[in-house]
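Student: Next up is a structure, given as C-alpha cells.
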Amino acid sequence: DVCSSDLVTQYQAPENGIARQGTVGERKSIYTLLAHIQQTGYPATAKVYNCDTGELETLQGTIKNWFCGQPLQGFSKATQFGENHPMPAVPQPPPILHPIVVEGNSGEAIQKAIDTPGVDTVFLTNQHYQVTQPIVIRGSVSRIIGMSAFFTRKSVDPIFRVDPGNTPAIFLERLEEAGIEQNSGRTVVIQKSALRSYQNTAKGQGDLFLNDIVADQMQFHHEKVYARGLNVEVLPPDDEPKILNVGGFLWILGLKTEKPGTILATRHQGTTEITGGLIYINQSIPFGQPQYINEDSNVSIATRSYSPSATGYRTLVQEIHSGTVTDLATPDRQSPNRIFPYLGS
C-alpha cells in the first residue's frame, strides 16, 4: 500500500523551460506514508521529501513503514502500520440474470419485489421512498441497485435489514439516506451510497466492504470492516463518536470528516487502521473533546486536519488503558494542520 495524505506539487511550474524545486518550507509541507513496499531491479525504492528537514531522502530495499516525524505513542507497543493484516479484494457482484423493478415508492412495494421467487436483482427508480418498517433482504436476492433512490427522513431506521438468505453476499449501491442493519453471516458490500446509519446485531458477523460512502453515525460490533473512501459528516450525540468499533477489525483507506465530535472510538480489544485522511474542521471543537479514542485496543492512524478559520482538537488521541486515561494533546489548536501518525496498542 502507498498512501500520501496530502498531495503537494514537488516542483513549481517551469520558468523558461527550467523546473525549480520548491522552498524548504514548501517541501516540509509534503506528508507521505509508505507501507509494505517491495521491489527488485531498481537501485532505489523511493525518493521522498522528509517533512522534518525538507531534504530529499533516498529509500532503498523493502519499506515496511516510512513516515516523517515520531508517531504519537502513549502506552503503545505498536511499531508499524498494517502489521499482519492483509487486505482482501472487494468482492464483485454476480451477473444480473433475473432482475425486477420496484413498482411504487413504499417499503411494502420494495419488500414485495425482494420476495418475488427467483429474483436476483432489485432496481429502485429515482424517486422518494417512505418506509414504515424495516425491509428484510432475504431469499434469492443478491443485489439492490438504486438509481439514486432517496429515503425520506420520516422513514424508519434502519431501512434495510440483511437476514440469512440463499446467496453468500449482498451488494447495495446508489442508495440515498438508507439505514442498514446487518443480521447475518453473509458478506455485505455497500458502494456509491449515502447512509443514514449502519449497525450490526449479535448475529451480524459477516464481512463488510464500504466503497465511496458518505454516512452519518456508524457502529461496528465484533465485525470485519474494509472501507475505501469513507466520509462521515454527522454531529453525533454527546459523548458518542461518529464511528464506533467494538472488538472488531476496521480498516479505512481514505477517511474524511467534518463538524465537531469524536471521530472514532475503538474499544474492547478492537483493531483500527486509518491510512490517509482529511479532518475538515469547519466548526470549532469543544475544548475537552478528543479526536480519537483508543480504549484497550490496537489503533494506527495517519490523518491530517484542515482548519481554515475554526479551532481544532486539543486532544488528538485519548488513550484508556485498564481504566487509566491519558490525553495525547497539542498546544496549538489554531494550526493543527500537520499530519500525525499514531500507533497505539
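The values are calculated or read from the model by the stated rules, or taken from the named source; none is laboratory data. Just so it is clear, the structure is predicted and the values come from calculations on it, not from any experiment. For neighbour counting, all protein chains shown are included, and Cβ atoms are generated from backbone atoms with ideal geometry for every residue, glycine included. The accessibility values were calculated without ligands, DNA or RNA, using every heavy atom of the protein model including side chains. Shrake-Rupley method; radii C 1.70, N 1.55, O 1.52, S 1.80 Å.
Student: Among residues belonging to region 158-167 that are farther than 17 Å from residue 128 by Cα and not in a strand (DSSP E or B), point out the one that is most open to solvent (accessible area, probe 1.4 Å). Steps first, answer last, please.
Tutor: First pass over region 158-167, keeping only residues farther than 17 Å from residue 128 by Cα: 161-167.
Next, from what is left, pick out any that are not in a strand (DSSP E or B): 163-167.
Working: 163: 26, 164: 91, 165: 37, 166: 126, 167: 26 Å².
Out of the qualifying residues, it is 166.
Student: Of everything in region 214-224 that's open to solvent by 30 Å² or more (accessible area, probe 1.4 Å) and part of a strand (DSSP E or B), which residue is farthest from residue 165 (Cα to Cα)?
Tutor: To start, the set of residues in region 214-224 that are open to solvent by 30 Å² or more (accessible area, probe 1.4 Å) comprises 214, 216-217, 219, 221-222, 224.
Subsequent filtering for residues that are part of a strand (DSSP E or B) retains 214, 219, 221, 224.
Working: 214: 27, 219: 23, 221: 21, 224: 20 Å.
The qualifying residue farthest from residue 165 (Cα to Cα) is 214.
Student: Further, regarding this structure: Considering only residues that are assigned to a loop (DSSP other than H, G, I, E, B) and modelled with pLDDT of 90 or more, which ones fall in region 318-336? Before the answer, list the steps.
Tutor: The initial filter retains those residues of region 318-336 that are assigned to a loop (DSSP other than H, G, I, E, B), namely 322-323, 330-336.
Scanning region 318-336 gives 322, 323.
Student: Continuing with the same structure: Run residue 103 past the list (1) in contact with a helix residue (DSSP H, G or I) (Cβ under 8 Å, 6 or more places away or on another chain); (2) not in a loop (DSSP other than H, G, I, E, B) and report the number of the one that doesn't hold.
Tutor: The single condition residue 103 does not satisfy is (2).
Student: Still on this structure, I have one more. Working only within region 173-201, note down all residues that are over 18 Å from the mean Cα position of the chain (by Cα), polar (S, T, N, Q) and surrounded by 19 or more Cβ atoms within 10 Å (Cβ to Cβ).
Tutor: Hits for region 173-201 are 183, 184.
Student: With the structure loaded, tell me whether residue 248 is farther than 19 Å from residue 88 by Cα and at pLDDT 95 or above or whether it fails that test. Reasoning before the result, please.
Tutor: Details: farther than 19 Å from residue 88 by Cα: no; at pLDDT 95 or above: yes.
For residue 248, the condition - farther than 19 Å from residue 88 by Cα and at pLDDT 95 or above - is not met.
Student: Go through region 297-317 and give me each residue that's assigned to a strand (DSSP E or B) and open to solvent by less than 30 Å² (accessible area, probe 1.4 Å).
Tutor: We begin by selecting, within region 297-317, every residue assigned to a strand (DSSP E or B); these are 298-306, 315-317.
Once the filter is applied, which keeps residues that are assigned to a strand (DSSP E or B) and open to solvent by less than 30 Å² (accessible area, probe 1.4 Å), region 297-317 yields 299, 300, 301, 302, 303, 305, 315, 316, 317.
A quick yes/no check of all residues on (1) open to solvent by 30 Å² or more (accessible area, probe 1.4 Å); (2) at pLDDT 50 or above; (3) assigned to a strand (DSSP E or B); (4) of a type in the set (Lys, Arg):
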site: 6; (1), (2), (3), (4): yes, no, no, no
site: 9; (1), (2), (3), (4): yes, no, no, no
site: 35; (1), (2), (3), (4): no, yes, yes, no
site: 39; (1), (2), (3), (4): yes, yes, no, no
site: 42; (1), (2), (3), (4): yes, yes, no, no
site: 47; (1), (2), (3), (4): yes, yes, yes, yes
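Student: Yes or no: residue 155 farther than 19 Å from residue 117 by Cβ, open to solvent by less than 70 Å² (accessible area, probe 1.4 Å) and at pLDDT below 95?
Tutor: Values: farther than 19 Å from residue 117 by Cβ: yes; open to solvent by less than 70 Å² (accessible area, probe 1.4 Å): yes; at pLDDT below 95: no.
Criteria not met by residue 155.
Student: Tell me whether region 102-112 contains one or more residues that are touching a residue at least 24 places away in the same chain (Cβ under 8 Å), within 22 Å of residue 200 (Cα to Cα), hydrophobic (A, V, I, L, M, F, W, C) and open to solvent by less than 20 Å² (accessible area, probe 1.4 Å). Outline the logic, then answer.
Tutor: Let us first name the residues in region 102-112 that are touching a residue at least 24 places away in the same chain (Cβ under 8 Å), namely 105-107, 110-111.
The next check asks that each one be within 22 Å of residue 200 (Cα to Cα); those that pass are 107, 110-111.
With the extra rule that they be hydrophobic (A, V, I, L, M, F, W, C), the set shrinks to 110.
Then keep just the ones that are open to solvent by less than 20 Å² (accessible area, probe 1.4 Å); that gives 110.
Looking for residues that are touching a residue at least 24 places away in the same chain (Cβ under 8 Å), within 22 Å of residue 200 (Cα to Cα), hydrophobic (A, V, I, L, M, F, W, C) and open to solvent by less than 20 Å² (accessible area, probe 1.4 Å), one finds at least one in region 102-112, hence yes.
Student: At pLDDT below 80, more than 21 Å from residue 344 (Cα to Cα) and of a type in the set (S, T, N, Q), is that true of residue 29?
Tutor: yes
Student: Being assigned to a loop (DSSP other than H, G, I, E, B) and buried (at least 21 other Cβ atoms within 10 Å of the Cβ) is the filter here; which residues of region 279-296 pass it?
Tutor: Kept after step one, since they are assigned to a loop (DSSP other than H, G, I, E, B), are these residues of region 279-296: 281-291, 296.
Once the filter is applied, which keeps residues that are assigned to a loop (DSSP other than H, G, I, E, B) and buried (at least 21 other Cβ atoms within 10 Å of the Cβ), region 279-296 yields 281, 285, 290, 291.
Each row is one residue, and each column tells you yes or no for (1) in contact with a Cys (Cβ under 6 Å, 6 or more places away or on another chain); (2) more than 21 Å from residue 268 (Cβ to Cβ); (3) in a loop (DSSP other than H, G, I, E, B).
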| residue | (1), (2), (3) |
| --- | --- |
| 185 | no, no, yes |
| 188 | no, yes, no |
| 192 | no, yes, no |
| 196 | no, yes, no |
| 206 | no, no, yes |
| 209 | no, yes, no |
| 212 | no, yes, no |
| 226 | no, no, no |
| 230 | no, yes, no |
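Student: On the given criteria, is residue 170 open to solvent by less than 30 Å² (accessible area, probe 1.4 Å) and closer than 16 Å to residue 122 by Cβ?
Tutor: On the way: open to solvent by less than 30 Å² (accessible area, probe 1.4 Å): yes; closer than 16 Å to residue 122 by Cβ: yes.
Considered against the rule, which asks whether it is open to solvent by less than 30 Å² (accessible area, probe 1.4 Å) and closer than 16 Å to residue 122 by Cβ, residue 170 comes out as yes.
Student: Let me ask something additional. Identify all residues within region 121-137 that are closer than 8 Å to residue 147 by Cα and either aliphatic (A, V, I, L, M) or in a strand (DSSP E or B) (or both); write none if there are none.
Tutor: Filtering region 121-137 for residues closer than 8 Å to residue 147 by Cα gives 123-126.
123, 124, listed by residue number.
Student: Give the residues of region 243-278 that are outside any strand (DSSP E or B), more than 16 Å from residue 208 (Cβ to Cβ) and open to solvent by 20 Å² or more (accessible area, probe 1.4 Å), sorted by residue number.
Tutor: First, pick out the residues of region 243-278 that are outside any strand (DSSP E or B): 247-248, 259-263, 268-270.
Next, from what is left, pick out any that are more than 16 Å from residue 208 (Cβ to Cβ): 259-263, 268-269.
Hits for region 243-278 are 259, 268, 269.
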